[in-house]
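Chemist: I am attaching a structure below and will ask some questions about it afterwards.
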Amino acid sequence: MDRTDVIVVGAGIVGLATARALAARRPGLRVTVLEKEPEVARHQTSHNSGVVHSGIYYRPGTLRARLCVTGVGLMRDFCREHGLPYEEVGKVVVATDQAELPRLETLFERGQANGVPGLELVDAARLKEIEPHAAGLKAIHSPRTAIVDFPAVARRLAALFTTAGGEVRTGVRVEGVRATGGGVTVSTDHGPVEARAVITCAGVQADRVARLAGADVGDVRIVPFRGEYYHLRPEKSHLVRGLIYPVPDPALPFLGVHLTRTVSGEVEAGPNAVFALSRDGYDAFDVRLADVADAVTFPGLWAMAARFWKVGAYELYRSFSKAAFVEALQRLVFEIGMADVHRGGAGVRAQALGRDGQLLDDFVIRESPGALHVINAPSPAATASLAIAEHLVDLAVAKLGV
Ligand SMILES: Cc1cc2nc3c(=O)[nH]c(=O)nc-3n(C[C@H](O)[C@H](O)[C@H](O)COP(=O)(O)OP(=O)(O)OC[C@H]3O[C@@H](n4cnc5c(N)ncnc54)[C@H](O)[C@@H]3O)c2cc1C
């Protein structure tokens, strides 16, 4: 049988960072990445906003807050060392009506508690100096928030890992994970592979892959949320210097549609958050019956629907109505008109939902015999990927004896 020391399932940015960190920490260890797609970084890693989040939003003390803030420094150093774009364009989170001011202040306090560098609360006049076209009564300015090319980071991680002797096997789907006496046998559509330990980083398939290994994940289910983008026409891109975000709804794990400059010089608007009928459906009309069945048989979905049906209905409406999308953008930059934006791509977020209908807001890692499973790695997991990788390697050393 095919043998290796450690198998990492999933060649997104989290899996690749983990494989590389393992190989660096334990030279000589044979590490193999198994990825079902024909190339690395096909899913969330290549369908996101490209923002290196500074750590403002996350509850102090959570893994998400800690690994985000540590991850920023690691990502900055990695991009600089490897000549990849890393632009500190800065971000403003703008309160556009009085009712949002208390939430803005709470966010500012969170950011400070998390140790985000350079944060400032600014008034409308200072906001105009930073982002001349942004609307707002008050704003948080995060000057160090950056933009990067996450797929390029992932490809570089893969290249460094393989140069150091690691192996990335693409086009190999993991179909079973079974603990044996001294290790783990992973069955794939290309035959079984044996290893001493397994780490799964399967994004939107995270719960299913963990279940294959017998992990206890009955209390959570991954729910896919599609996020659609528009592009601002190039002649209007001067309206946005860096990143302009609204004050998010604290009940939801999403940040609200925002305006984002990308490293290619474009300005994107979005993403919204629409419950998706397929875990890898990038089109609004993609439906996968197994994914729908998985969601509707989970009690948490109905509990979530009961709480958030109004928000969900509005998101669906906005997904089809360009006018509603533009209206949301105009709250941030009044001068954006219907003719100034055109539809862009979409991404599908992997968001874990609890049985009680709560969307899990922290990163979640579970264990099964011989294996560790990343169950919930929503935004800012791309930002935090290098820190998540170090954390997973620590766990693998402590719990799996790697
Ligand atoms: C619209 C959107 C905007 C976002 N914006 C940001 C942002 O600005 N900043 C930020 O930090 N984060 C952002 N995120 C979040 C970020 O993209 C993700 O948290 C991150 O990419 C997760 O990486 P991953 O490696 O866990 O998942 P993925 O990139 O999804 O990789 C998982 C991999 O596992 C593979 N896989 C699954 N099942 C199997 C199997 N059975 N066998 C083999 N392989 C398998 C998949 O094919 C896939 O390649 C955004 C996400 C979305 C969707």
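The values are calculated or read from the model by the stated rules, or taken from the named source; none is laboratory data. On a predicted model such as this, the values are computed, not experimentally measured, just so you know. Quick reminder, even Gly has a Cβ in these numbers, built from the backbone with ideal geometry, and neighbours come from all protein chains shown. Accessible surface areas use protein heavy atoms only, side chains included; no ligands, DNA or RNA. Shrake-Rupley method; radii C 1.70, N 1.55, O 1.52, S 1.80 Å.
Chemist: Under 6 Å by Cβ, and 6 or more places apart or on different chains, what pairs join a residue from region 147-160 that is among the charged types (D, E, K, R) with one that is at pLDDT 95 or above and not in a helix (DSSP H, G or I)?
Modeler: From residues that are among the charged types (D, E, K, R), the pairs are 149/85; 149/263; 156/82.
Chemist: If residue 48 meets every condition in (1) open to solvent by 10 Å² or more (accessible area, probe 1.4 Å); (2) in a helix (DSSP H, G or I); (3) within 6 Å of the ligand (Cβ to nearest atom) apart from one, which number is that one?
Modeler: Residue 48 satisfies all of (1) open to solvent by 10 Å² or more (accessible area, probe 1.4 Å); (2) in a helix (DSSP H, G or I); (3) within 6 Å of the ligand (Cβ to nearest atom) except (2).
Chemist: Checking residue 194 against (1) within 11 Å of the ligand (Cβ to nearest atom); (2) open to solvent by 10 Å² or more (accessible area, probe 1.4 Å); (3) not aromatic (Phe, Trp, Tyr): exactly one of these is not met. Which one?
Modeler: (1)
This table checks each residue for (1) under 22 Å from residue 233 (Cβ atoms); (2) over 22 Å from the mean Cα position of the chain (by Cα).
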{"site": "316", "(1), (2)": "no, no"}
{"site": "319", "(1), (2)": "yes, no"}
{"site": "337", "(1), (2)": "yes, yes"}
{"site": "349", "(1), (2)": "no, no"}
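Chemist: Please verify whether residue 33 is within 11 Å of the ligand (Cβ to nearest atom), part of a strand (DSSP E or B) and of a type outside the set (Asp, Glu), treating the condition exactly as stated.
Modeler: The answer is yes for residue 33.
Chemist: Go over the candidates 41, 19, 11 one by one and state the one that is closer than 18 Å to residue 390 by Cβ and either within 8 Å of the ligand (Cβ to nearest atom) or assigned to a helix (DSSP H, G or I) (or both).
Modeler: Step by step, each of 41, 19, 11 is checked, and only 19 is closer than 18 Å to residue 390 by Cβ and either within 8 Å of the ligand (Cβ to nearest atom) or assigned to a helix (DSSP H, G or I) (or both).
Chemist: Across region 149-191, which residue is farthest from the ligand (Cβ to nearest atom) among those that are of a type in the set (Ser, Thr, Tyr) and within 23 Å of residue 44 (Cα to Cα)?
Modeler: 162
Chemist: Looking at 80, 76, 64, can you tell me which residue is under 20 Å from residue 201 (Cα atoms) and either at pLDDT 95 or above or open to solvent by less than 10 Å² (accessible area, probe 1.4 Å) (or both)?
Modeler: Being under 20 Å from residue 201 (Cα atoms) and either at pLDDT 95 or above or open to solvent by less than 10 Å² (accessible area, probe 1.4 Å) (or both) holds for just one of 80, 76, 64, which is 64.
Chemist: Then there's this: What is the one condition in (1) within 22 Å of residue 224 (Cβ to Cβ); (2) out of contact with any Pro (no Cβ under 8 Å at 6 or more places or on another chain); (3) buried (at least 24 other Cβ atoms within 10 Å of the Cβ) that residue 37 does not satisfy?
Modeler: The one condition residue 37 does not meet is (3).
Chemist: If you don't mind, there's one more thing I want to ask. Confirm whether residue 329 is more than 11 Å from the ligand (Cβ to nearest atom), open to solvent by 20 Å² or more (accessible area, probe 1.4 Å) and part of a helix (DSSP H, G or I).
Modeler: Criteria not met by residue 329.
Chemist: Identify, by number, the condition in (1) outside any strand (DSSP E or B); (2) away from the ligand (no atom under 15 Å from the Cβ); (3) open to solvent by 20 Å² or more (accessible area, probe 1.4 Å) that residue 300 doesn't meet.
Modeler: Checking residue 300 against (1) outside any strand (DSSP E or B); (2) away from the ligand (no atom under 15 Å from the Cβ); (3) open to solvent by 20 Å² or more (accessible area, probe 1.4 Å), the one that fails is (3).
Chemist: Just the residues that are of a type in the set (Val, Ile, Thr), within 10 Å of the ligand (Cβ to nearest atom) and in a helix (DSSP H, G or I), please, taken from region 344-402.
Modeler: Correct list: 388 only.
Chemist: Quick check on residue 361: is it touching a Pro at 6+ places or on another chain (Cβ under 6 Å), under 27 Å from residue 273 (Cα atoms) and among the acidic types (Asp, Glu)?
Modeler: Yes; evaluated as a whole, the condition is true for this residue.
Chemist: Suppose we filter 100, 105, 129 for residues that are loosely packed, with under 14 Cβ neighbours inside 10 Å and among the acidic types (Asp, Glu); which single one remains?
Modeler: The match here is 129.
Chemist: Now for a different question. Within region 344-402, which residues are of a type in the set (Lys, Arg) and in contact with a helix residue (DSSP H, G or I) (Cβ under 9 Å, 6 or more places away or on another chain)?
Modeler: Within region 344-402, 349, 355, 366 qualify.
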